[in-house]
Amino acid sequence: MCGIVGIYYKNKALNKDLGSMLGSMLVQMSERGPDSAGVAVYRNPLDPPGVKLTLHTADDEYDWSQFRSLLAVAFSAEAEVEIRASHAVVSTTAPLQEIRAWLELHHPGLRVMSAGSTIEIYKEKGAPREFVERFQLQDFAGSHALGHTRMATESAITTQHSHPFSTGLDLCLVHNGSLSNHNRLREELRRNGIEFQTDNDSEVAAGYLMWQLHQGASLERALNRAIQDLDGFYTFAVGTRNGFAVLRDPIACKPAVLAENDDWVAMASEFRAIAQLPGVDQATVWEPAPARVYSWGEE
């Protein structure tokens, strides 16, 4: 099963409503994914050389205050740490690779959920409604976001196996479906320098897109190549710094619906997640065609 939702604001005056709309859409997909939930939110972009890392800890008693102090000692660059439930977003001008190396060496219990100038990823085990309340999604403002509710099929029910998956800067993927060739493809991608944190098939799809982008492909071309190289059934939603894209497999096995009006574009696995959005009665609503890439965002 699994449920996917996404929203992109064409009218930037509505950015303040992103979290509340995203949360209500996510809850509507609860029956499709009761095991865990997650979101990728694009907000508060940093100017170069600023970078954000979203970190997760499984330790409910983790001392983020001490972490903040150690970070300040290790790096002379300014750094801010925003704590939200089991996650924290570190915003800094320190070089990304140096931050990653320091985390791996000194804080191996922290997992990097995402990195980039705009993206923040939050995900956790449990029911979607509990996730929305725990992370206070209604407080978020931003330009666009993707969300996922998971019913585990290919791998364990853990935070790490939850969606979204991010394998590149400001890039993420959510997936409804299953891939049959993910084990072979994972090994090929590893030989090409792509790293993975789980055995989840969806993370392989995210890694594949990152590899294609590293080869110089545009996102649209990478998704079109995925049609040839990824075996299985899927609806993908892919987030980037500037917007998001949607792709269904060549026989459109997994459900998806799109809606667009003058203010926003929304997608979901079922229309009920979109039906409650303001202005939906003025939106064009359609089912995305199989093997066709749909994308929105700023150039």
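The values are calculated or read from the model by the stated rules, or taken from the named source; none is laboratory data. All of these numbers come straight from a predicted model, not from anything done at the bench. Glycine gets a Cβ as well: all are built from the backbone with ideal geometry, and neighbour counts include every protein chain shown.
Given the criteria within 15 Å of A141 (Cα to Cα) and without any contact (Cβ under 8 Å) to a residue 12 or more places away in the chain, does A40 qualify? No; evaluated as a whole, the condition is false for this residue. Comparison of R43, R68, R32 shows that the only residue that is under 29 Å from S269 (Cα atoms), of a type in the set (D, E, K, R) and either in contact with a helix residue (DSSP H, G or I) (Cβ under 8 Å, 6 or more places away or on another chain) or outside the structural domain of F135 (by TED's automatic domain parsing) (or both) is R43.
Just so you know, in segment 107-126 the residues that are under 23 Å from A74 (Cα atoms) and aliphatic (A, V, I, L, M) include one that is farthest from the chain's Cα centre (by Cα), and it is L110. For segment 149-163, a residue qualifies if it is over 14 Å from P128 (Cβ atoms), out of contact with any Asp or Glu (no Cβ under 7 Å at 6 or more places or on another chain) and not aliphatic (A, V, I, L, M), and the qualifying residues are T153, T158, Q160, H161. Taken together, the residues in segment 284-294 that are surrounded by fewer than 19 Cβ atoms within 10 Å (Cβ to Cβ) and either assigned to a loop (DSSP other than H, G, I, E, B) or not assigned by TED's automatic domain parsing to the domain that holds L26 (or both) amount to 6.
Residues checked against (1) in a loop (DSSP other than H, G, I, E, B); (2) aliphatic (A, V, I, L, M):
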{"site": "G142", "(1), (2)": "yes, no"}
{"site": "A152", "(1), (2)": "yes, yes"}
{"site": "Q160", "(1), (2)": "yes, no"}
{"site": "S178", "(1), (2)": "no, no"}
{"site": "R184", "(1), (2)": "no, no"}
{"site": "L189", "(1), (2)": "no, yes"}
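Of all the criteria given as (1) in a strand (DSSP E or B); (2) outside the structural domain of L146 (by TED's automatic domain parsing); (3) surrounded by 15 or more Cβ atoms within 10 Å (Cβ to Cβ), the one not satisfied by A77 is (1).
For segment 191-236, a residue qualifies if it is more than 18 Å from A40 (Cβ to Cβ) and either part of a strand (DSSP E or B) or outside the structural domain of P290 (by TED's automatic domain parsing) (or both), and the qualifying residues are G232, F233. Residues in segment 211-239 that are among the β-branched types (V, I, T) and either touching a His at 6+ places or on another chain (Cβ under 8 Å) or surrounded by fewer than 23 Cβ atoms within 10 Å (Cβ to Cβ) (or both): I227, T235.
For segment 37-50, the count of residues that are modelled with pLDDT of 95 or more, surrounded by 17 or more Cβ atoms within 10 Å (Cβ to Cβ) and more than 17 Å from A115 (Cβ to Cβ) is nonzero.
Only one of the listed residues (L22, L26, L18) is in the same structural domain as L173 (by TED's automatic domain parsing), in contact with a Leu (Cβ under 7 Å, 6 or more places away or on another chain) and surrounded by 20 or more Cβ atoms within 10 Å (Cβ to Cβ). That residue is L22. Applying the set (1) touching a Leu at 6+ places or on another chain (Cβ under 7 Å); (2) more than 16 Å from L22 (Cβ to Cβ); (3) in a helix (DSSP H, G or I) to V132 leaves exactly one unmet item: (2). Scanning segment 46-65 for residues that are without any contact (Cβ under 8 Å) to a residue 60 or more places away in the chain and either within 19 Å of the chain's Cα centre (by Cα) or under 26 Å from A266 (Cβ atoms) (or both) yields a total of 2.
Among the residues of segment 260-279, write down those that are aliphatic (A, V, I, L, M), buried (at least 17 other Cβ atoms within 10 Å of the Cβ) and not in a strand (DSSP E or B). Across segment 260-279, the qualifying residues are A273, I274, L277.
Scanning for something among the β-branched types (V, I, T) and closer than 17 Å to P164 by Cα, does segment 203-221 turn up at least one residue? Yes, that holds for at least one residue.
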